[in-house]
1. Pull out all pairs, ordered by first then second residue, where Cβ-Cβ is under 7 Å, the residues are six or more apart or on different chains, the first lies in the stretch 95-124 and is within 20 Å of Ala176 (Cβ to Cβ), and the second is of a type in the set (Asp, Glu) and surrounded by 20 or more Cβ atoms within 10 Å (Cβ to Cβ).
2. Within the stretch 30-42, does at least one residue satisfy the condition of being closer than 30 Å to Trp235 by Cα, of a type in the set (S, T, N, Q) and buried (at least 17 other Cβ atoms within 10 Å of the Cβ)?
3. Restricting to the stretch 214-240, give me the number of residues that are touching a residue at least 40 places away in the same chain (Cβ under 8 Å) and hydroxyl-bearing (Ser, Thr, Tyr).
4. So which pairs qualify, if the first residue must be in the stretch 188-206 and among the polar types (S, T, N, Q), the second must be at pLDDT below 90 and part of a loop (DSSP other than H, G, I, E, B), the Cβ gap must be under 9 Å, and the two must be at least 6 apart or on different chains?
5. Using the structure shown, decide if Val186 is of a type in the set (Val, Ile, Thr), over 22 Å from the mean Cα position of the chain (by Cα) and surrounded by fewer than 16 Cβ atoms within 10 Å (Cβ to Cβ).
6. Could you tell me whether Ala208 is in a loop (DSSP other than H, G, I, E, B), under 17 Å from Ser94 (Cα atoms), at pLDDT below 95 and among the small types (Gly, Ala, Ser)?
7. Look at the stretch 189-215 and say how many of its residues are surrounded by 17 or more Cβ atoms within 10 Å (Cβ to Cβ) and hydrophobic (A, V, I, L, M, F, W, C).
8. May I ask you to list the residues in the stretch 120-140 that are more than 19 Å from Arg92 (Cα to Cα) and out of contact with any strand residue (DSSP E or B) (no Cβ under 6 Å at 6 or more places or on another chain)?
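The values are calculated or read from the model by the stated rules, or taken from the named source; none is laboratory data. Every value quoted in this text rests on a predicted model; they were computed, and no experiment measured them. So basically every Cβ, Gly included, is an ideal-geometry build from the backbone, and we count neighbours across all protein chains shown.
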Amino acid sequence: MYRFLLTRQWVILTLLVLVLIPTMVELGFWQLHRHQHRVAQNALISQNLEAKPVPVSRLTSPGHTVPRSDYWRAVTATGRFDTAHEVVVRRRTSKDERIGVHVLTPLDLKGGGTVLVNRGWVPSADTQQAFPEVPAPPRGEVTVTGRLKADETTGASGIKDLAGLPDRQVMLINSAQQSQLLDRPVLGGYLELTAPETADGTPEMIPAPDDGSIGSHMAYAVQWWLFAAGVPVGWVILVRREKHDREQAARESETAGEPAPVSV
């Protein structure tokens with residue numbers, strides 16, 4: 001009575017089941033790994049944000065690639081802002097999702113060297129070619145505190161740093177690129193300014209990364225595994241139903257005096 005499993009439609013269905021089960025299991029593990037990555041990242045963010053600030057020169061140097069373990073680490077820097085070489089980073093959003101720019105100002109360090117400071121968000125100018133109005137940073141020697149970030153790249157950001165942009169406008173924050181423009185060494189990575197705050201709140205400081213939400217990846221993982229477990233159960237139910245329907249059809253044929261259908 002199970003010979004119907006050799007028919008074309010049942011062979012295709014069975015093969016589909018055999019493909020779906022490992023696929024769903026793998027998707028479950030993919031979501032599990034995303035959950036684990038988010039948990040680890042949240043722990044790193046929390047740890048680095050709560051760490052005592054250290055001088056930026058202890059964690060980075062010219063040409064240095066900031067490792068993930070130092071992302072968002074609180075650092076300090078003392079020097080003078082170089083507004084003559086200030087640039088803006090296009091296509092950045094504010095806290096309320098408005099499109100604008102980030103203000104990137106070099107800070108010439110007291111002990112030598114330069115570090116890039118992302119002072120925050122301001123609205124774009126009326127035209128894409130114009131340089132926006134940017135509040136001036138403090139004059140003279142200043143000590144700033146910020147979160148250390150790695151250089152942005154086309155691969156990590158998904159943004160293409162297009163050539164031919166207007167003067168003093170860039171698409172990515174990249175210390176090597178700015179070092180070439182400044183013609184002097186620049187510390188790898190950059191700072192997201194957290195202090196001192198401006199009296200009027202402009203530029204708008206970049207909010208701290210979320211270190212609490214872990215998303216729904218674990219729930220999705222469990223769902224995929226439940227689906228994987230449900231597929232063979234559903235297949236068995238369909239097989240038993242098909243077998244029952246064929247047996248019932250055979251009995252009805254016999255009762256009517258007709259030859260029973262032959263299973264193929």
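1. Qualifying pairs under 7 Å: Asn118/Glu192.
2. Yes: the stretch 30-42 contains one or more residues that are closer than 30 Å to Trp235 by Cα, of a type in the set (S, T, N, Q) and buried (at least 17 other Cβ atoms within 10 Å of the Cβ).
3. 1
4. Note: pairs meeting the criteria are Thr194/Ala208.
5. Criteria not met by Val186.
6. Details: in a loop (DSSP other than H, G, I, E, B): yes; under 17 Å from Ser94 (Cα atoms): yes; at pLDDT below 95: yes; among the small types (Gly, Ala, Ser): yes.
Answer is yes for this residue.
7. Within the stretch 189-215, residues that are surrounded by 17 or more Cβ atoms within 10 Å (Cβ to Cβ) and hydrophobic (A, V, I, L, M, F, W, C) number 4.
8. Ala136, Pro138, Arg139, Gly140
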